[in-house]
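Visitor: Sharing a structure below in structure tokens format, with a few things to ask.
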Amino acid sequence: MEDAPVAQTAAPSSASTASDDHAGSRKGTIGGGDMSARVIANVMPELPESLRDKPLEATVVVRFAIAADGNATATLIQATPDPRINQWLLGVFKHWRFFPALRDNAPVASTLEIRQPVSVQ
């Protein structure tokens, strides 16, 4: 029996952060009583059969706007060439969960960009 093609993803390959009110000046590690937002749940389910009609190797860049309560919204900054897969990915990213950034040990809104490999075979 032939193996069914699946969307394979690895752990996020890289991430950068920026506080919303200091986006240009606070990229990367934050010092003192401060901490960057981080992913705490990033489930990538199997790609539906209806989206497996052609092979694809791509890396998407997704920007998460993370609220102080840890809720996030996702925007694809660099998408795949397939708009159907992009829509599916955005639906998946809605289920990712985050620990918010901290400033002076208090949760604050921030952004996080993650490069996510996608493989359809």
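Visitor: Would you mind stating whether A4 is outside any helix (DSSP H, G or I), at pLDDT below 90 and surrounded by fewer than 16 Cβ atoms within 10 Å (Cβ to Cβ)?
Guide: Yes: the conditions hold for A4.
Visitor: If you don't mind, another one. Going through the stretch 82-121 one residue at a time, which ones are part of a helix (DSSP H, G or I) and touching a helix residue (DSSP H, G or I) at 6+ places or on another chain (Cβ under 7 Å)?
Guide: Passing the criteria: R84, I85, W88.
Visitor: A further question on this structure: From the residues in the stretch 64-81 that are outside any loop (DSSP other than H, G, I, E, B) and among the hydroxyl-bearing types (S, T, Y), which one is surrounded by the most Cβ atoms within 10 Å (Cβ to Cβ)?
Guide: If we take residues in the stretch 64-81 being outside any loop (DSSP other than H, G, I, E, B) and among the hydroxyl-bearing types (S, T, Y), then T75 is surrounded by the most Cβ atoms within 10 Å (Cβ to Cβ).
Visitor: When you go through (1) loosely packed, with under 14 Cβ neighbours inside 10 Å; (2) within 17 Å of P117 (Cα to Cα) one by one for V92, which number turns out not to apply?
Guide: For V92, the failing item is (1).
Visitor: Taking the condition hydrophobic (A, V, I, L, M, F, W, C), modelled with pLDDT of 65 or more and closer than 20 Å to V120 by Cβ, does L102 pass?
Guide: no
The values are calculated or read from the model by the stated rules, or taken from the named source; none is laboratory data. For clarity, every value in this text was computed on a predicted model and none was experimentally measured. Counting neighbours? That spans all protein chains shown, and the Cβs are built from the backbone with ideal geometry, glycine included.
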